[in-house]
Structures are given as structure tokens and as C-alpha cells.
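Heads up, the thing below is written out as C-alpha cells.
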Amino acid sequence: MRRDAMDQLAAMRSFVKVVETGGFSETARQLELAVSSVTRQINSLEAMLNTQLLNRSTRSITLTLQGQKYYEPCKFCKM
């Protein structure tokens with residue numbers, strides 16, 4: 001598998017975990033990554049898709065409409 005495909009798969013897994021945990025910090029803790037790495041993965045995924053998947057505020061994270069549509073097939077990438 002090519003490196004960029006592996007990076008995309010890791011970003012998809014992080015995206016699913018962010019949605020399920022409700023935050024970047026908890027996702028990073030569970031995946032044993034730095035918060036900045038999770039943030040970078042999500043930003044890269046959004047850039048690749050050319051859309052915003054998450055609405056971020058200081059207190060919460062919610063899915064955008066595009067994020068809701070993308071989340072459903074991504075749920076199967078959790079391995």
C-alpha cells in the first residue's frame with residue numbers, strides 16, 4: 001500500500017475516533033498520538049476532500065453535513 005493511502009486510512013480512523021470520543025485530546029490519548037498529530041491528520045483529510053468535516057469550538061466538536069455523510073462509510077475503517 002502506498003504511503004499516502006496509508007496516511008489517508010490513518011486519518012479516516014482518527015476522524016471516526018474524534019467523532020466517537022467528541023474530542024481531539026481523548027482521540028490522541030486512545031490512539032497514543034500527540035494531539036497535534038490528530039489535528040494534522042484531520043486537517044489533511046479535510047484538505048484532500050476539499051471540505052470541512054467538523055465544526056470546532058473551544059468546548060465542542062460537531063459534524064458538518066458533509067462530515068455526517070463521510071462518517072458513515074468511515075466507521076468501517078476502525079480496525
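Structure data summary
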item: Qualifying residue in the range 26-47 (condition: touching a residue at least 40 places away in the same chain (Cβ under 8 Å) and either of a type in the set (S, T, Y) or open to solvent by 40 Å² or more (accessible area, probe 1.4 Å) (or both)); result: no
item: Residue that is nearest to Q8 (Cα to Cα), among those in the range 26-49 that are outside any loop (DSSP other than H, G, I, E, B) and among the acidic types (D, E); result: E46
item: Residue under evaluation F15, criteria (1) in contact (Cβ under 8 Å) with a residue 40 or more places away in the chain; (2) in contact with a Ser or Thr (Cβ under 7 Å, 6 or more places away or on another chain), criterion not met; result: (2)
item: Subset tally (residues that are charged (D, E, K, R) and either within 14 Å of A11 (Cβ to Cβ) or part of a helix (DSSP H, G or I) (or both)) for the range 55-65; result: 0
item: Answer from Q68, Q52, Q8 - the residue that is in a helix (DSSP H, G or I) and either open to solvent by less than 60 Å² (accessible area, probe 1.4 Å) or without any contact (Cβ under 8 Å) to a residue 24 or more places away in the chain (or both); result: Q68
item: Qualifying residue in the range 18-25 (condition: assigned to a helix (DSSP H, G or I), without any contact (Cβ under 8 Å) to a residue 60 or more places away in the chain and open to solvent by 70 Å² or more (accessible area, probe 1.4 Å)); result: yes
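The values are calculated or read from the model by the stated rules, or taken from the named source; none is laboratory data. Bear in mind that the values here come from a model prediction, so they are computed numbers and not experimental data. All Cβ positions, even for glycine, are placed from backbone atoms using ideal geometry, and neighbour counts span all protein chains on display. Note: accessible area is taken over every heavy atom of the protein model, side chains too, but ligands, DNA and RNA are not part of it. Shrake-Rupley method; radii C 1.70, N 1.55, O 1.52, S 1.80 Å.
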